[in-house]
Every structure is written in C-alpha cells, then in structure tokens.
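Everything on this sheet refers to the single structure shown next.
The values are calculated or read from the model by the stated rules, or taken from the named source; none is laboratory data. Source: prediction; values computed, not measured. So basically every Cβ, Gly included, is an ideal-geometry build from the backbone, and we count neighbours across all protein chains shown.
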C-alpha cells in the first residue's frame, strides 16, 4: 500500500511539473528569443522549405506542446545556407522536391523536459543530455524530411520513432524483413545524399536528424540557446 501511494504521489508530481512546463512555454516568446540569438526563420530561405514543428504540437514522443505559440523553425545563418544548398541539389534530381522541417533550433529548457521524460529508460539514447546542450540547442541541427510537390514522402517510419526501423545503418535488412519499403529506403538515401553534400552529418539512429557542425566546433563558436 505504501508503494502504491508513493507511486500515485510521484505521478501527481510529474503531472504538475508537466503542467508548469507547458504554462511556462506558453508564456515565453521563443520567437523573439530566437531572433535575438541571431537565428533565421527557415521559411524565409526558400518557399520549398515548409515547417511542421512537432514539439509545438502533441504529435511527439512527450505527447505535449513544449514550444507554446512558437510555429517557426530557426537555424544559424550558415546552417540555413547549407539547407539552401541541399535543396538546390535535390531540385537537380527532381524539380518537385522540397524539404519539411520537424524541428530545428531548440531551447535548452525544452531539452531538459525531453531528457526528464526519457531519463532512466531505453529511449534516453535518443535524447541529448541537457547539461551541456546538444546540436539542436545551438541551432545547427535539423529534423527534416523530403517532400514531393509539397507532400511528405514515405520514409518507412514517422518522425520520433524510437525503434530500429528508424535507424540508417541496416536499411537493406529492414527492406528484406518487410519493415520498410524499398521506396522508403530510396527516399531516405536521396535526402541523406543531398544533405551530406551540403555539409551535414547524420545520426545513425534517426533518419530525420542532420547536424551541420561537430560538437567541438559548436561549443567553441556558437551560442547555446539557454532559455
């Protein structure tokens, strides 16, 4: 009985903290803070770049809006130029290709919420620890997918799928096992090749995640979004 009461109390505390985080996010003008940090709105770079900011909705692994009223995606200027380069490469393959951004620059306060959600679980390997910040917390990483004539293409899994089906290391095996389609594999490769040519690096566990700089360079030269 004592254990059950303790668990119930813990759940109430977690729920209360989640509510406080949501209230704080709603009251924070992340748009102004992003602009003050010198970041650029990705939709100003090219009309073929669209945004579906997942952490400003409940369609994410935390299942709540952590961005409040923020609906724009921001990146550093150099990261933005690299996105434009990737888009130019894609258009040479197919003029109908575009990019959709699911997440970009991420406030450190949101990173803390994400980490608290997965800490101590098997999913913690997918989320950067907030004590020093990860690539999103410097505005030089994007979670992104490929579109054709404005429609997102099949990538085998949705964004924020914390399973091996989202990994990029054994995609041929995923196709052979029927876990993703051959077309999804090709779509991933098209996106990945363009992003790599534009200067981005990949994350083996997430087909959607691309990083512009090494963390060593980032921590030395870029500003941590500590808000």
When you check residue 174 against the structure, is it at pLDDT 95 or above, more than 25 Å from residue 48 (Cα to Cα) and surrounded by 16 or more Cβ atoms within 10 Å (Cβ to Cβ), yes or no?
yes
Would you say residue 68 is at positive phi, modelled with pLDDT of 95 or more and not in a helix (DSSP H, G or I)?
no
Free of Cβ contacts under 8 Å to residues at least 24 places away in the same chain and either touching a strand residue (DSSP E or B) at 6+ places or on another chain (Cβ under 9 Å) or over 22 Å from residue 192 (Cβ atoms) (or both): which single residue out of 58, 79 fits that description?
58
Checklist (1) assigned to a loop (DSSP other than H, G, I, E, B); (2) without any contact (Cβ under 8 Å) to a residue 40 or more places away in the chain; (3) farther than 12 Å from residue 209 by Cβ applied to residue 156, failing item
(2)
Checking residue 161 against (1) touching a strand residue (DSSP E or B) at 6+ places or on another chain (Cβ under 9 Å); (2) within 30 Å of residue 109 (Cα to Cα); (3) in contact (Cβ under 8 Å) with a residue 24 or more places away in the chain; (4) part of a loop (DSSP other than H, G, I, E, B), the condition it does not meet:
(3)
Given the criteria at pLDDT 95 or above, within 17 Å of the chain's Cα centre (by Cα), assigned to a loop (DSSP other than H, G, I, E, B) and surrounded by 14 or more Cβ atoms within 10 Å (Cβ to Cβ), does residue 195 qualify?
no
Taking region 92-137 as the region of interest, how many residues are crowded, with 16+ Cβ neighbours inside 10 Å, part of a loop (DSSP other than H, G, I, E, B) and either out of contact with any helix residue (DSSP H, G or I) (no Cβ under 6 Å at 6 or more places or on another chain) or in contact (Cβ under 8 Å) with a residue 24 or more places away in the chain (or both)?
7
Does residue 89 qualify as being touching a residue at least 40 places away in the same chain (Cβ under 8 Å), surrounded by 15 or more Cβ atoms within 10 Å (Cβ to Cβ) and either part of a loop (DSSP other than H, G, I, E, B) or within 14 Å of the chain's Cα centre (by Cα) (or both)?
no
Do the conditions hold for residue 42, that is, is it in contact with a helix residue (DSSP H, G or I) (Cβ under 7 Å, 6 or more places away or on another chain) and within 17 Å of residue 211 (Cα to Cα)?
yes
All positions within region 193-223 that are over 15 Å from residue 138 (Cβ atoms) and out of contact with any strand residue (DSSP E or B) (no Cβ under 6 Å at 6 or more places or on another chain):
193, 194, 196, 197, 198, 199, 202, 204, 205, 206, 207
